[in-house]
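These notes concern the structure reproduced below.
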Amino acid sequence: MNTREADMTAFLQGVEVPDIVEEKAREAFGQIRRERARSFAIPKAAVIIGCCFLVFGTTAAAIGIGSLYRQRMENMDEESVENYYNLAEQGETTLFSRPLTEEERQRYEQLKEDYEKNGRFPNGQITSLKQGETYGGEGIAIDESARTLYLPKEPLSDEEMLEMIDFEHKLVYSIYAKQQARILQGGTWESRMVEMTDEMVDRIYYITCSTRNPESGGYSRALTKEEEQRYETLVKEYEEEGKYVDTEMAVIEKPEEYTGEGIAICVEDADYYLPERELTDEEFLQIIDMQHKTTYCLDRILIEVQMGLRSGYPARAYDDDIPEWTEVITEEERQRIEQKLMYEQQLILEHESMLEQQK
């Protein structure tokens, strides 16, 4: 798609996070110039992930989290999400009334892994101190006005640590959930996409992101000047006026499968294959829709992996249009997926380093 960096602002519209958090995230990501297999603007997901970094200094969860964690987060009611989100607006980080001991830190990390991977959740939750209330010295309590966690002087129990871990994860998830809700209610082009199932997201990922070609997403022929102008007009109408089409372009596996009729996207190189005649508005809107879905799906997969809502990146397709991908993937395909995943993880580590420098 070759989205220019100047388009970042357009992709960030509609994202609402605490102002101080968004400002810090933008400052950090502004220093990062990413060279990726596919070139596109810094996704909204990056801002939300940036919020997670700034809230806790790291992502809430690592790759490999099972469905128990996802179920726990998604089962939060609207009131709980709202309460945690309001807490997130109280500051960049959660402060502790005392530092953890070395033994507590080690135990905390072990329990966090147990929480994320094995579904070991607390029986209760930390106490909330309302305005005017003071900490009595027992258990763990949160001062909502300053987002400070009060810890007892004696060593923390496993239950108390699990309550802390649960609090942190829910705080981060509330930012994500609120952002998703606002997109859904916003009536923008993304509102349609929030409702996409995991299978639909995976299918777009396989079609547009499985190529080995580092310069993918181009056209089989150059657009005419008139076509370029019409494309820009239709993008604006798509994004601002909701001008969509219900039809989808054909999907081919290899360039030689293109018949010259209509438009098609090729899995092998992720390029759009166009007829020699001028494109119709419907064909342009099919391309625009696929381009926007690609950006959205990349954003969504990235943040869902980091949030722990996915166990990892898609590995094979479920779509009937790509039958051989429904079989066991080849060793070559597996290695390519692993390389892509390692590259994504390298980017995440770079993000962590940059955000640490910002602190």
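Within region 231-268, count every residue that is in a loop (DSSP other than H, G, I, E, B) and not basic (Lys, Arg).
Qualifying residue count, region 231-268: 16.
Do we find a residue being in contact (Cβ under 8 Å) with a residue 60 or more places away in the chain and not in a loop (DSSP other than H, G, I, E, B) anywhere in region 209-230?
Within region 209-230, one or more residues are in contact (Cβ under 8 Å) with a residue 60 or more places away in the chain and not in a loop (DSSP other than H, G, I, E, B).
Can you tell me how many residues within region 278-317 are out of contact with any Phe, Trp or Tyr (no Cβ under 9 Å at 6 or more places or on another chain), over 30 Å from Leu234 (Cα atoms) and in a loop (DSSP other than H, G, I, E, B)?
4
So is Glu253 of a type in the set (D, E, K, R), more than 30 Å from Gln306 (Cα to Cα) and touching a strand residue (DSSP E or B) at 6+ places or on another chain (Cβ under 9 Å) or not?
yes
Listed here are the residues, each with its yes/no results for (1) more than 20 Å from the chain's Cα centre (by Cα); (2) surrounded by 14 or more Cβ atoms within 10 Å (Cβ to Cβ).
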{"site": "Lys153", "(1), (2)": "yes, no"}
{"site": "Leu156", "(1), (2)": "yes, yes"}
{"site": "Glu163", "(1), (2)": "yes, yes"}
{"site": "Ser174", "(1), (2)": "no, yes"}
{"site": "Ala181", "(1), (2)": "no, yes"}
{"site": "Ser191", "(1), (2)": "no, yes"}
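For region 138-179: of the residues being assigned to a helix (DSSP H, G or I) and farther than 19 Å from Arg120 by Cα, which is modelled with the highest pLDDT?
Ser174
Of these, Gly242, Gly260, Gly218, which one is under 26 Å from the mean Cα position of the chain (by Cα), surrounded by fewer than 15 Cβ atoms within 10 Å (Cβ to Cβ) and more than 26 Å from Gly187 (Cα to Cα)?
On inspection, the qualifying residue turns out to be Gly218.
Mind checking which helices (runs of 4 or more DSSP H) fall wholly inside region 36-132 and carry at least 1 residues that are at pLDDT 85 or above and surrounded by 13 or more Cβ atoms within 10 Å (Cβ to Cβ)?
Of the helices (runs of 4 or more DSSP H) lying wholly inside region 36-132, those with at least 1 residues that are at pLDDT 85 or above and surrounded by 13 or more Cβ atoms within 10 Å (Cβ to Cβ) span 67-74, 78-88, 102-118.
What pairs come out if I take residues in region 283-301 that are closer than 19 Å to Pro314 by Cα and pair them with residues that are at pLDDT below 95 and of a type in the set (Gly, Ala, Ser) whose C-beta lies under 6 Å away, six or more apart or interchain?
Every condition considered, the pairs that remain are Asp299/Ala45.
If you check Ala222, Ala177, Ala181, which single one turns out to be touching a helix residue (DSSP H, G or I) at 6+ places or on another chain (Cβ under 6 Å) and of a type in the set (Gly, Ala, Ser)?
Ala177
Please state which one of Arg203, Arg182 is touching an Asp or Glu at 6+ places or on another chain (Cβ under 6 Å), more than 14 Å from Lys293 (Cβ to Cβ) and part of a helix (DSSP H, G or I).
Arg182
The values are calculated or read from the model by the stated rules, or taken from the named source; none is laboratory data. Fair warning: this is a prediction, and the values are worked out from it, not measured in the lab. FYI the Cβ positions are ideal-geometry reconstructions off the backbone, even for glycines, and counts take in every protein chain you see.
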